[in-house]
Amino acid sequence: MLEYSIFRKLPPWMQVQELAQKGAFLALRHHKDWTVQLYYIDNRFVEVWGRGGLHIVSTFYEPANALHVVEPYLGTMEVQDLYL
């Protein structure tokens, strides 16, 4: 798995590619004209905002509260496996 510190130094187009290949896709939501995808990579949440072929990678401050990060996605998330 790619370390987050290395991931952040990649150009944006390569970050999107790495997320698609190595990140864990969690959920999808829509905000105005944007499609927002939530990924998890190297213990961090990352969003990819997309519209008309443009992709913008957005990260969260550390330590981001996981509940605050996933809250906008709760209506669209499917919990398939829950391990306690």
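Quick notes
- Test: residue in segment 46-56 that is exposed (fewer than 10 other Cβ atoms within 10 Å of the Cβ), of a type in the set (D, E) and at pLDDT 90 or above: no
- Taking (1) surrounded by fewer than 12 Cβ atoms within 10 Å (Cβ to Cβ); (2) over 21 Å from Y73 (Cα atoms); (3) in contact with an Asp or Glu (Cβ under 8 Å, 6 or more places away or on another chain) in turn, L2 satisfies each apart from (1).
- Residues of segment 19-36 include at least one that is among the polar types (S, T, N, Q) and closer than 19 Å to P72 by Cβ.
- Within segment 19-36, being touching a helix residue (DSSP H, G or I) at 6+ places or on another chain (Cβ under 6 Å) and of a type outside the set (G, A, S) holds for one residue alone: R29.
- Against the criterion of being acidic (D, E), surrounded by 17 or more Cβ atoms within 10 Å (Cβ to Cβ) and either in contact (Cβ under 8 Å) with a residue 40 or more places away in the chain or under 23 Å from L2 (Cβ atoms) (or both), E18 qualifies.
- Matching residues in segment 21-45 - criterion: being aromatic (F, W, Y) and exposed (fewer than 13 other Cβ atoms within 10 Å of the Cβ): F25
The values are calculated or read from the model by the stated rules, or taken from the named source; none is laboratory data. Computed from a prediction, not measured in an experiment: that's the story for all the values here. As a convention, Cβ positions derive from the backbone with ideal geometry for all residues, glycine included, and neighbour counts pool all protein chains shown.
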